[in-house]
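Remarks on the structure that follows.
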Amino acid sequence: MYTALPFPNINPILLRIGPFKLHWYGLCYVLGILFASLYGKHLLKKHSLWKHNSAPMQPEKLDDFIIWATISIILGGRLGEIIFYNPSYYFSNPKQMIAVWNGGMSFHGGFLATSIAMLLFAKKNKISIWGIFDTVAAGVPIGLGLVRICNFINSELFGRITTIPWAVYFPNGGLDETGKLVGRHPSQIYEAILEGFVLFLLLFFLIFYLKALKKPGLVSGSFILAYGVFRFFVEFFREPTISYVAGHWLTMGMFLSGPMIIIGQAIVIRAITQNK
């Protein structure tokens, strides 16, 4: 017999004024981008944190990058969702491709697109590539945590069936063979804690206690490595969005996070060895 906590049933729409709807999902994206920008500018103003006691760019440059970042997150995240997770559905329902307010954004797609945007922005403005990567990476986890909470509110990306005491009955969580709603891991909360707040605290510790910004690439490499590890771990509890990539255990999330672990390790090693 399944026992689980009832779903809180929070309305995904925070505010409705006539035809205008403000979704929690969209609000959390805005708050996440805003926090990353403000926190990044705070770090850039503290010159003592950086190598040679000199920030890699003026804080105001982040205001210019917000537009680049927003477009990259939306386009990359949506394209990643369409290509990696559900191409048949979206190509059969093309109108749903732009319905980002209903959820359905791939972190890996957004991460790749934003990385490309940072490379182009750095080249255009003659900014250190590692400087902008480290600045942006430091504040990103808070936005990730907020968005995962919105995934919970939307009753999407829930976990696998379980009988743990904190299992949750998700409205979209499906039924067992007897037709009863089953308890599932609240994997969105696991991700909010690990990929969001734990990762932010880890980077905070590296920046302010180990002076990681003095070693260009160490903060961004640590972000990539830690996110990959946390996401790979949570995938064992998260219901696969699509069928397994290989065998009966490798999910698409694991498949996409594996390279992040390898790349993150390489960047961390390079940052440490080249900046002894």
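Applying the selection to region 64-99, what residues are surrounded by 18 or more Cβ atoms within 10 Å (Cβ to Cβ) and under 18 Å from residue 31 (Cα atoms)? Once the filter is applied, which keeps residues that are surrounded by 18 or more Cβ atoms within 10 Å (Cβ to Cβ) and under 18 Å from residue 31 (Cα atoms), region 64-99 yields 65, 69, 72, 73, 77. Every listed requirement among (1) open to solvent by less than 60 Å² (accessible area, probe 1.4 Å); (2) touching a Ser or Thr at 6+ places or on another chain (Cβ under 8 Å) is met by residue 207 save one, (2). Please determine whether any residue of region 143-159 is open to solvent by less than 60 Å² (accessible area, probe 1.4 Å), in contact with a strand residue (DSSP E or B) (Cβ under 8 Å, 6 or more places away or on another chain) and of a type in the set (A, V, I, L, M). Yes, region 143-159 contains a residue that is open to solvent by less than 60 Å² (accessible area, probe 1.4 Å), in contact with a strand residue (DSSP E or B) (Cβ under 8 Å, 6 or more places away or on another chain) and of a type in the set (A, V, I, L, M).
Considering only region 47-58, I want to know if a residue exists there that is open to solvent by 20 Å² or more (accessible area, probe 1.4 Å), in a helix (DSSP H, G or I) and among the aliphatic types (A, V, I, L, M). Looking for residues that are open to solvent by 20 Å² or more (accessible area, probe 1.4 Å), in a helix (DSSP H, G or I) and among the aliphatic types (A, V, I, L, M), one finds none in region 47-58, hence no. In the set 159, 104, only one residue is over 23 Å from residue 63 (Cα atoms) and modelled with pLDDT under 90; that residue is 104.
Condition (residue is on the phi > 0 side of the Ramachandran plot and open to solvent by 40 Å² or more (accessible area, probe 1.4 Å)) applied to region 27-45: is it met by at least one residue?
Within region 27-45, not a single residue is on the phi > 0 side of the Ramachandran plot and open to solvent by 40 Å² or more (accessible area, probe 1.4 Å).
I'm checking my understanding of the structure. Among residues of region 210-222 that are open to solvent by 10 Å² or more (accessible area, probe 1.4 Å) and touching a residue at least 24 places away in the same chain (Cβ under 8 Å), which one is farthest from residue 271 (Cα to Cα)? Ranking the candidates gives 211 first. The residue of region 1-26 that is surrounded by the fewest Cβ atoms within 10 Å (Cβ to Cβ), among those that are touching a residue at least 24 places away in the same chain (Cβ under 8 Å) and assigned to a strand (DSSP E or B), is 6.
Is it the case that some residue within region 170-192 is open to solvent by 20 Å² or more (accessible area, probe 1.4 Å) and among the small types (Gly, Ala, Ser)? Yes, some residue in region 170-192 is open to solvent by 20 Å² or more (accessible area, probe 1.4 Å) and among the small types (Gly, Ala, Ser).
The values are calculated or read from the model by the stated rules, or taken from the named source; none is laboratory data. In this text the structure is predicted, and so the values were computed from the model without any measurement. No Cβ is skipped: glycine too gets one built from the backbone with ideal geometry, and neighbour counts run over all protein chains shown. Heavy atoms of the whole protein, side chains included, go into the accessibility calculation; ligands, DNA and RNA do not. Shrake-Rupley method; radii C 1.70, N 1.55, O 1.52, S 1.80 Å.
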